[in-house]
1. Could you run through region 230-277 and say how many residues are modelled with pLDDT under 80, assigned to a loop (DSSP other than H, G, I, E, B) and farther than 22 Å from SER168 by Cβ?
2. Buried (at least 17 other Cβ atoms within 10 Å of the Cβ), modelled with pLDDT under 85 and more than 16 Å from LEU135 (Cα to Cα): is that true of THR227 in this structure?
3. Mind checking which pairs have a first residue in region 161-180 that is under 14 Å from ARG148 (Cα atoms) and a second that is open to solvent by 60 Å² or more (accessible area, probe 1.4 Å) and among the acidic types (Asp, Glu), Cβ under 9 Å, 6 or more apart or different chains?
4. What do you reckon, is THR132 modelled with pLDDT under 85 and out of contact with any strand residue (DSSP E or B) (no Cβ under 7 Å at 6 or more places or on another chain)?
5. Would you be able to tell me the number of residues in region 179-213 that are of a type outside the set (A, V, I, L, M, F, W, C), under 20 Å from THR138 (Cβ atoms) and in a helix (DSSP H, G or I)?
6. Can you find, within region 120-152, the residue that is farthest from the chain's Cα centre (by Cα) among those that are surrounded by fewer than 16 Cβ atoms within 10 Å (Cβ to Cβ) and under 20 Å from HIS205 (Cα atoms)?
7. Could you tell me whether ASP326 is open to solvent by 10 Å² or more (accessible area, probe 1.4 Å) and free of Cβ contacts under 8 Å to residues at least 24 places away in the same chain?
Amino acid sequence: MSGASCPHLMAYLLSQNGIRCKLCGSKRSTIEDGVHAELTTHGLTINRLPVELLTEIFYHYLKIKAKAPLDEKSCITASHCTDSTPLLLAHVCGYWRNITKSTSMLWSSLAIFNARHKHIPLIRLWLEYADTSPLSITIDGMANNTERQSAVDVILRILIGRCHLWKSIEFRFLDFQRAMMDIQADSLTTLEHAFVMLPSWPISHNDKVLEAVHSSPKIASIRYGGTFCSFPVQTPWAQLRALDCWFSIPIHQFLQLLRPCHSLEVLRLPVGLDIDELVLPVESIELPRLKKLDGGPVVEGFSIILDALVAPQLTFLNLHYKHQTDNDLLDLKNFAARSGFKLQSFRLINTRLHAEELLQWVEVPFLSTVTDLHVVIRQSLNITEPRFPDLHPSYMGSVIARLRIFLSQSFL
C-alpha cells in the first residue's frame with residue numbers, strides 16, 4: 001500500500017464500517033477492529049500510524065459524500081455534501097478522541113440542516129474545537145417551521161460572533177433572519193466564497209447583507225439566489241473569480257456589472273433577463289480569464305449576451321435550450337470566431353433538434369478541439385446518418401468519437 005493512497009483507503013474503510021454515536025441519534029459501534037484487520041494485512045497496525053497520517057485519514061473521511069440527500073434531515077455534519085462528523089471519530093477510542101479534539105482543522109467546516117435548539121450546545125462545542133481556524137459554514141434554513149426558524153436565529157448569533165473567521169458561507173433562508181442584520185460591513189475580513197439565498201426578504205435587508213459580503217477584501221466567488229433589485233455599489237467585481245446568479249435581472253444591469261470582471265473564471269448566467277430597457281447595439285465585453293460559461297436554461301436575451309462577450313480562454317460551455325431559434329448556432333459560431341477560444345468540453349441540451357440539425361451542431365469548427373462532447377436530445381429523434389449506426393431510443397453511450405448522446409423522454 002503506497003503512502004499516497006493510504007489516507008484515501010483508510011477513510012473509505014471508516015465510512016464502510018459505519019461509525020455511529022449517541023450524539024447523532026444512532027447506535028454506537030466501534031470500527032477500530034475492522035480498520036485494524038485491514039491494516040495488518042499490509043503489515044501495519046492502527047496504533048503505529050503516525051499522528052500526521054491518522055489526521056490526514058480523518059480529514060479525507062470527513063469529505064466522503066453522503067449516500068442520501070441531507071436537506072430533509074435535521075442534523076449537523078462536516079459539510080453540505082457529507083454525513084460524516086469529527087464527533088464520530090472522537091467516540092472510537094481515547095487515542096482518536098485526543099487527536100480529533102486537538103486538530104482544529106477537522107472542525108473548520110460545519111453544515112447545519114433544519115436546525116433545532118438541541119443542536120446549540122453541540123455547535124458551541126464544535127466552534128470551541130475549531131479554535132481560530134478559518135470556517136466554512138452551511139446553514140439550510142428553508143424549512144417553514146417556527147421552532148426551527150427560532151433555532152436558526154440563535155445559531156446565527158453564535159456564528160456571527162466568529163464572522164471574522166468565515167472563509168466560505170452557504171446560507172439558504174426562507175424567512176427573514178434578523179440576526180443577519182448584525183453583520184458589520186467591515187467584519188468579514190477572511191471571506192472568500194459566499195452563496196446567499198434570501199428569497200422572501202425585504203430588498204433593503206438583502207442589500208445590507210450583500211454589502212457585508214461584498215466588503216470582504218478576499219471575496220473571490222459569489223453565488224446569488226432570491227430576489228434582488230440591485231447590487232451594492234461597492235461590489236468588488238474586479239477581484240471576483242466566480243459569479244453565479246440564481247435570479248432574474250435586467251440585462252442592461254447584468255452587462256454593466258460584467259464589464260469590470262476581468263478576473264472572472266467561472267460564470268453562470270441569470271435564470272431570467274429583462275430586455276425591456278436595453279439599448280442596442282451593446283459594446284463588447286472582454287473576460288480575458290473566463291474558462292467556464294454555464295448558460296443553464298437559455299432564456300430570452302441570451303443571444304445578446306453572446307454578441308457582447310469575448311472570452312479567449314474559454315474551455316467549458318454548457319447550454320440548455322428550451323426554445324429553439326434559427327440563429328442559435330450562428331450566434332455560437334460568431335461568439336467562437338470573435339473569441340478564438342479552444343473548447344475542451346461542450347454540453348448541449350436541446351430537445352427540439354432534428355437529425356440534420358444535430359449533425360450541424362456536432363460538426364461546427366469550434367468543436368474540433370473538444371474531448372468531452374455531451375448532447376441530450378429527445379427519444380423520438382430519427383437519425384439515419386451512417387455515423388450513428390447504433391442509435392435507437394433505448395441507447396445510451398458513445399456514438400461517435402468525442403460524442404455522448406443521451407436520449408431523454410423527460411425533456412419533451
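1. The qualifying residues number 7.
2. Details: buried (at least 17 other Cβ atoms within 10 Å of the Cβ): no; modelled with pLDDT under 85: yes; more than 16 Å from LEU135 (Cα to Cα): yes.
The answer is no for THR227.
3. Matching pairs, first to second residue: ARG172/ASP71.
4. Working: modelled with pLDDT under 85: no; out of contact with any strand residue (DSSP E or B) (no Cβ under 7 Å at 6 or more places or on another chain): yes.
Considered against the rule, which asks whether it is modelled with pLDDT under 85 and out of contact with any strand residue (DSSP E or B) (no Cβ under 7 Å at 6 or more places or on another chain), THR132 comes out as no.
5. 2
6. Only one residue tops the list, namely SER150.
7. Values: open to solvent by 10 Å² or more (accessible area, probe 1.4 Å): yes; free of Cβ contacts under 8 Å to residues at least 24 places away in the same chain: yes.
Here the answer is yes, as ASP326 does meet what is asked.
Condition check ((1) among the hydroxyl-bearing types (Ser, Thr, Tyr); (2) without any contact (Cβ under 8 Å) to a residue 40 or more places away in the chain; (3) under 27 Å from ARG148 (Cβ atoms)) across all residues:
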{"position": "SER109", "(1), (2), (3)": "yes, no, yes"}
{"position": "ASN114", "(1), (2), (3)": "no, no, yes"}
{"position": "ILE123", "(1), (2), (3)": "no, no, yes"}
{"position": "LEU127", "(1), (2), (3)": "no, yes, yes"}
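The values are calculated or read from the model by the stated rules, or taken from the named source; none is laboratory data. The model shown is predicted, which means the values in this text are computed figures rather than measured ones. Glycine gets a Cβ as well: all are built from the backbone with ideal geometry, and neighbour counts include every protein chain shown. Accessible surface is based on the protein model in full, side chains and every heavy atom, while ligands, DNA and RNA are left aside. Shrake-Rupley method; radii C 1.70, N 1.55, O 1.52, S 1.80 Å.
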